[in-house]
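Report on one structure; see the data block that follows.
The values are calculated or read from the model by the stated rules, or taken from the named source; none is laboratory data. All figures in this text were calculated on a predicted structure; none of them were measured in a lab. Don't worry about glycine lacking a Cβ; one is built from the backbone with ideal geometry, like all the others, and counts go over all protein chains shown.
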């Protein structure tokens, strides 16, 4: 079996309240709180870069577990490709910084659905390759810096904030067993949230530079996200999100040999509070078996682990609990991995 030895999470101490976010976006504070589930969000400082945050989490994890970095066999970075540099493998930077010289390191890109997929990929690789005994999974996310707060069509992105995690998997570890994973990709959304500039299709040109020099607004928007069909996307998401979320959980349960009703705790990537509890109702899971991230917002791939942090502290997760970790990312991807928490025989 593959088990989670320990995980760590990180969010910056600096935060922004719904009232302050309202001033920035023009969205009434009561709407942010009551309809979008945002009481506050985390705010990145200049040092809070994706690779740097991932390294910080990994170092803390190694300290807390006593794991020798030379005993790590593989590092899987499941965070964002929007990182310190373009065309850069973050995992290899992590490898160097923590001294995991015997590992090989690589990046997995799945937006904010990265955690469940990374758990599946790592488990499957460890099952197939006996030499992979200790695998480090990590993440960093500052995609909030890509959001255009002046664009009312991007309201759905206003909950975003920075975050990171690190997680140690071990083959033969007798607790916190990684079970099945359900994944759905809904390709109708493939280009609904994109960064228009800076990729291979639209690289920076002299003409762009000249336009930006004469128009500060174009300069401001150059590095920000674009929603080419915001109205259409909103309508399609309204129709597809709940079925896709529910079905990826059902798939994960099926592959784990349980039913949704057997789930003792479900940690869900931050979505609106109505949608969150609507998912609980759809799955037939009692509302007290979750934690909503009112005071964190959407920190990307780390969200389900933040929820798990709160759940463990509140006594909602115990020995033998079936824990569902649910992520979703633009594109659109929906994913869930089931963990049997505690000792294997609990």
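Can we say residue 341 is surrounded by fewer than 19 Cβ atoms within 10 Å (Cβ to Cβ) and either in a strand (DSSP E or B) or at pLDDT 95 or above (or both)?
Here the answer is no, as residue 341 does not meet what is asked.
Could you run through region 214-231 and say how many residues are closer than 18 Å to residue 155 by Cα and surrounded by 13 or more Cβ atoms within 10 Å (Cβ to Cβ)?
8
For region 197-213, give me each residue that is surrounded by 15 or more Cβ atoms within 10 Å (Cβ to Cβ) and in a loop (DSSP other than H, G, I, E, B).
Result: 197, single match.
Can you find, within region 242-265, the residue that is surrounded by the most Cβ atoms within 10 Å (Cβ to Cβ) among those that are free of Cβ contacts under 8 Å to residues at least 40 places away in the same chain and within 23 Å of residue 331 (Cα to Cα)? Break it down stepwise before answering.
If we filter region 242-265 for residues that are free of Cβ contacts under 8 Å to residues at least 40 places away in the same chain, which is where we start, we get 243, 246, 259-261.
Adding the requirement that they be within 23 Å of residue 331 (Cα to Cα) leaves 243, 246.
Values: 243: 13, 246: 22.
Across region 242-265, the extreme among qualifying residues is 246.
Just to be sure I understand the filter: pairs with C-beta atoms under 9 Å, separated by 6 or more residues or on different chains, first member in region 104-125 and free of Cβ contacts under 8 Å to residues at least 60 places away in the same chain and in the same structural domain as residue 90 (by TED's automatic domain parsing), second member in a helix (DSSP H, G or I) and surrounded by fewer than 21 Cβ atoms within 10 Å (Cβ to Cβ). Which pairs pass?
Correct list of pairs: 104/92; 105/92; 105/96; 106/92; 107/92; 108/121.
Using beta carbons and a limit of 9 Å, which pairs, at least six apart or on different chains, have the first residue in region 195-222 and modelled with pLDDT under 90 and the second one not in a helix (DSSP H, G or I)?
Between residues of region 195-222 that are modelled with pLDDT under 90 and residues that are not in a helix (DSSP H, G or I), the close pairs are 198/86; 198/204; 198/222; 198/223.
Is there a residue being modelled with pLDDT of 95 or more, part of a loop (DSSP other than H, G, I, E, B) and in contact with a strand residue (DSSP E or B) (Cβ under 8 Å, 6 or more places away or on another chain) anywhere in region 235-257?
Within region 235-257, one or more residues are modelled with pLDDT of 95 or more, part of a loop (DSSP other than H, G, I, E, B) and in contact with a strand residue (DSSP E or B) (Cβ under 8 Å, 6 or more places away or on another chain).
Residues in region 106-119: is at least one over 15 Å from the mean Cα position of the chain (by Cα), at pLDDT 95 or above and crowded, with 19+ Cβ neighbours inside 10 Å?
no
Given the options 79, 37, 51, name the one that is in a loop (DSSP other than H, G, I, E, B), crowded, with 18+ Cβ neighbours inside 10 Å and in contact with a strand residue (DSSP E or B) (Cβ under 9 Å, 6 or more places away or on another chain). Steps first, please.
Numbers: 37 fails: in contact with a strand residue (DSSP E or B) (Cβ under 9 Å, 6 or more places away or on another chain); 51 fails: in a loop (DSSP other than H, G, I, E, B).
The match here is 79.
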